[in-house]
Ligand SMILES: [Zn+2]
């Protein structure tokens, strides 16, 4: 009981609840470095499972992994004008390479050695377009070298003042895909394809429904021609940008002189794309599914999918239930499930239930002496519901229950999003909606950045995407929901993380 009470209810304080869920599930912890977090083993296992699934999908679409330096010469960042403007205010710089001892004690014992000043400072990568395209310039000579399809798994640093675990930290883990193509059409197809990969992963693995679309000029990536995004709606009705994919056009190719000889002998600049998702997705997963008892993890990504809790009073019963529990564990493991048998003697079953609930384990099997006698286990789902299940074919039964939980989570999240989506809004409705809790507001947009800025100022809502056809309203809006001028596209507004 004590453990569950440590989690602040969502209705009371969503942001406190979010931190409590993370701490109780031991996904991450605060670090001695301001703005940086420590990812603890359960959180890292979750990240590894995400990585594995995404990495398989990247490779299945023809990409190879590579690794580029953490440091980028400062001058590289300056080569693409929009790019430098977008990142200038949040970079960490390396200016010196040595410390020296002063002979004093305490904080003054070492100082920066002034003699070690670098001629050109190095930027700790906030993203790697510049260093990667500098290498592309060396590797790409002819049309035969295209397309070049790379991905990098790494950490990046963006100096953040207001941080939040997983959602916004100064250092975070991510992948960045970088590709070069012969034509604009190929680059556009690639950027679109990878957006589709992100959507598939987020819906089928994370059980997190997303809407897809293109960002407006003011929200696009610094240096991109077009930015596409996947956007999800969290339980507090704020949007989370869960991934982006950019058609970079020839902007970087021109800045870094990435040219190729065409089939007819001419010289052309390549067309680039870049695309990324990060540990931010873990924050999205938490805020999509978790409840007041703690973390809820979709089975496909749960580090522990099934926990078995044996229940006994006497030593005789202990032997009996452990025998059956071990057999069940082995059977589930053989069927490919990530399963744990919690046979700790110092904890009562009830305490174990709370612990595994807070840790988000999707399925708990309880086995007591009476269950053994009846040839059954009690199967309790993290998402609710407890029922006896036959020991016979337990592997298939558990697998079916996990699949059911996975489907149920996606369905519930989609329902929740739809009840917090409003279409064809007028200005008055929009203001009421944003002041009354928010969500996804669909309405006409005149295309003007000034209008976007006014809306942001008035409500803190931004255009998340101009949605793809699949997500658009049956009837296209005729006027801008804010200024009343003719609409150029339907937009989805929301307050966002
Ligand atoms: Zn307008």
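I'd like to know if region 159-172 contains one or more residues that are surrounded by 24 or more Cβ atoms within 10 Å (Cβ to Cβ), on the phi > 0 side of the Ramachandran plot and at pLDDT 95 or above.
So far as region 159-172 goes, yes, one or more of its residues are surrounded by 24 or more Cβ atoms within 10 Å (Cβ to Cβ), on the phi > 0 side of the Ramachandran plot and at pLDDT 95 or above.
Looking at 317, 268 in this structure, which one is under 30 Å from residue 255 (Cα atoms) and either more than 29 Å from the chain's Cα centre (by Cα) or in a loop (DSSP other than H, G, I, E, B) (or both)?
268
Anything in region 347-361 that is over 19 Å from residue 332 (Cα atoms) and not in a helix (DSSP H, G or I)? List them, or say none.
347, 348, 359
Out of (1) part of a loop (DSSP other than H, G, I, E, B); (2) away from the ligand (no atom under 11 Å from the Cβ); (3) over 25 Å from the mean Cα position of the chain (by Cα), what's the single condition that is false for residue 437?
Among (1) part of a loop (DSSP other than H, G, I, E, B); (2) away from the ligand (no atom under 11 Å from the Cβ); (3) over 25 Å from the mean Cα position of the chain (by Cα), residue 437 violates only (3).
For residues that are touching a helix residue (DSSP H, G or I) at 6+ places or on another chain (Cβ under 8 Å) and within 15 Å of the ligand (Cβ to nearest atom), tally how many sit in region 457-483.
So the answer is 9.
Let me spell it out: the conditions are (1) within 15 Å of the ligand (Cβ to nearest atom); (2) within 22 Å of residue 230 (Cα to Cα); (3) touching a residue at least 40 places away in the same chain (Cβ under 8 Å), and residue 426 meets all of them except one. Which number is the exception?
(2)
Select from region 38-69 the residues that are outside any loop (DSSP other than H, G, I, E, B) and either out of contact with any helix residue (DSSP H, G or I) (no Cβ under 9 Å at 6 or more places or on another chain) or without any contact (Cβ under 8 Å) to a residue 60 or more places away in the chain (or both) and list them in ascending order.
Residues satisfying the conditions are 38, 41, 42, 44, 45, 48, 51, 52, 55, 56, 59, 60.
Only one of 224, 229, 242 is part of a loop (DSSP other than H, G, I, E, B) and either surrounded by 24 or more Cβ atoms within 10 Å (Cβ to Cβ) or at pLDDT 95 or above (or both); which?
224
Collect the residues in region 362-372 that are outside any strand (DSSP E or B) and in contact with a helix residue (DSSP H, G or I) (Cβ under 9 Å, 6 or more places away or on another chain), keeping them in residue-number order.
If the condition is that a residue be outside any strand (DSSP E or B) and in contact with a helix residue (DSSP H, G or I) (Cβ under 9 Å, 6 or more places away or on another chain), then 362, 368, 369, 371, 372 are the ones that fit.
Looking at residue 494, is it in a strand (DSSP E or B) and under 30 Å from the mean Cα position of the chain (by Cα)?
Considered against the rule, which asks whether it is in a strand (DSSP E or B) and under 30 Å from the mean Cα position of the chain (by Cα), residue 494 comes out as yes.
Given 202, 235, which one is within 11 Å of the chain's Cα centre (by Cα), touching a residue at least 24 places away in the same chain (Cβ under 8 Å) and either crowded, with 20+ Cβ neighbours inside 10 Å or under 18 Å from residue 434 (Cβ atoms) (or both)?
It is 202.
Can you name the number of the only condition in (1) touching a residue at least 60 places away in the same chain (Cβ under 8 Å); (2) over 18 Å from residue 141 (Cα atoms); (3) surrounded by 20 or more Cβ atoms within 10 Å (Cβ to Cβ) that residue 258 fails?
Checking residue 258 against (1) touching a residue at least 60 places away in the same chain (Cβ under 8 Å); (2) over 18 Å from residue 141 (Cα atoms); (3) surrounded by 20 or more Cβ atoms within 10 Å (Cβ to Cβ), the one that fails is (2).
Select from region 100-146 the residues that are part of a helix (DSSP H, G or I) and exposed (fewer than 13 other Cβ atoms within 10 Å of the Cβ) and list them in ascending order.
106, 107, 108, 109, 114, 115, 116, 138, 139, 144
Could you list all residues from region 440-456 that are under 23 Å from residue 221 (Cβ atoms) and more than 11 Å from the ligand (Cβ to nearest atom)?
440, 456
The values are calculated or read from the model by the stated rules, or taken from the named source; none is laboratory data. In this text, all values refer to a predicted model and were calculated from it rather than measured experimentally. In this analysis, Cβ positions are derived from the backbone assuming ideal geometry, glycine residues included, and neighbour counts consider all displayed protein chains.
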